[in-house]
Amino acid sequence: MPQIQCKAMLFDLDGVLIDSTRAVARVWHQWAVEHGFNPDEVIARAHGRPSLTTVSEYLPHADHAAENREVERRELADLEGVVLLPGSAQLLSQLPPDRWTIVTSCTRPLAETRLRAAGLPIPERMITSSDIKNGKPHPEPYLKGASVLGFSAGDCVVVEDVPAGIRAGKASGARVIAFRTTVKDPELLAAGADWLLNNCSGISVAKKDPDLTLTLAGDPPRAT
């Protein structure tokens, strides 16, 4: 089982720590049908990116802020099936509080609502779409996530589940563990993932000081 060292860990939320796939799909399916778009295409493009980005791309001449508020209202109201993914709580409990945070494309209210629904702690310095100008796959979210913890992104390990997030992590200079929770292995590899695992159950903390030493378990644990 390989081991890797880092200063801190930066986690995406949906598809990494919690499973909100069905709720996300329900909201975007309804939105797509209402606007005459292909629901499957919209759902695929919405994963891992700020909802405002998706709205803007599909409705370039609409009131983006108003449309986005309606999407968020529906997401806040639909928490059915929002649950922990395997190993999430256990892994976070092993990490020192100042050595990890969440970097998500959700807004802050939605991220906090989903974390509470799943029973996970809300990091003090979490980065959400409310805190950035450029969403994933731009590196800004992970550069900011590393910065609020006091580290460079190159000293961190990012944990992601979709190509946009993987590309954001790699562009920031971080190494990336990708989970097979949302898309197929070839897409994760094409985006640049360094390791592929099923979920947080494949990561354990072997050492915490001075650096984190992470043990990875999977088949195969390394992507390249």
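The values are calculated or read from the model by the stated rules, or taken from the named source; none is laboratory data. Predicted model, so just to flag it, every value in this text is computed and none were measured. Cβ placement follows ideal geometry from the backbone for every residue including glycine, while neighbour counts extend to all protein chains displayed. Ligands, DNA and RNA are stripped out before the accessible areas are found, and what is left, the full protein with its side chains, is counted by its heavy atoms. Shrake-Rupley method; radii C 1.70, N 1.55, O 1.52, S 1.80 Å.
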Q) Going through the stretch 52-106 one residue at a time, which ones are touching a residue at least 60 places away in the same chain (Cβ under 8 Å), part of a helix (DSSP H, G or I) and surrounded by 18 or more Cβ atoms within 10 Å (Cβ to Cβ)? A) LEU52, THR53, SER88, LEU91, LEU92, ARG99
Q | Lone qualifier among ASP194, ASP131, ASP155, ASP161 - being acidic (Asp, Glu) and more than 28 Å from THR54 (Cα to Cα) | A | ASP155
Q. Can you tell me which of ALA117, ALA62, ALA111, ALA66 is under 21 Å from GLY165 (Cα atoms) and of a type in the set (Gly, Ala, Ser)?
A. ALA111
Q. Given the structure, is HIS29 open to solvent by less than 50 Å² (accessible area, probe 1.4 Å) and either among the aromatic types (Phe, Trp, Tyr) or under 22 Å from VAL162 (Cα atoms) (or both)?
A. no
Q. Is there any pair with a first residue in the stretch 145-166 that is touching a residue at least 60 places away in the same chain (Cβ under 8 Å) and a second that is hydroxyl-bearing (Ser, Thr, Tyr) and surrounded by fewer than 24 Cβ atoms within 10 Å (Cβ to Cβ) whose Cβ atoms are under 7 Å apart and which are 6 or more apart or on different chains, and what are they?
A. GLY145/THR101; ALA146/SER152; LEU149/THR101; ASP161/THR181; ASP161/THR182; VAL162/THR182
Q) Hey, any hits in the stretch 37-46 for a residue that's over 25 Å from HIS138 (Cα atoms), in contact with a helix residue (DSSP H, G or I) (Cβ under 7 Å, 6 or more places away or on another chain) and buried (at least 21 other Cβ atoms within 10 Å of the Cβ)? A) no
Q: Only residues in the stretch 191-203 that are free of Cβ contacts under 8 Å to residues at least 40 places away in the same chain and under 15 Å from VAL157 (Cα atoms) count as the first member; pair them with residues that are of a type in the set (Asp, Glu) and open to solvent by less than 10 Å² (accessible area, probe 1.4 Å), Cβ under 9 angstrom, at least 6 apart or cross-chain, and list the lot.
A: ALA193/GLU160
Q: Take the stretch 1-26 and flag every residue that is part of a helix (DSSP H, G or I) and open to solvent by 10 Å² or more (accessible area, probe 1.4 Å).
A: THR21, ARG22, VAL24, ALA25, ARG26
Q: Considering every residue within the stretch 60-72, establish whether at least one is of a type outside the set (A, V, I, L, M, F, W, C) and closer than 27 Å to ILE177 by Cβ.
A: no
Q) Based on what the data block shows, is HIS29 farther than 22 Å from VAL159 by Cα, in a loop (DSSP other than H, G, I, E, B) and either free of Cβ contacts under 8 Å to residues at least 40 places away in the same chain or among the acidic types (Asp, Glu) (or both)? A) no
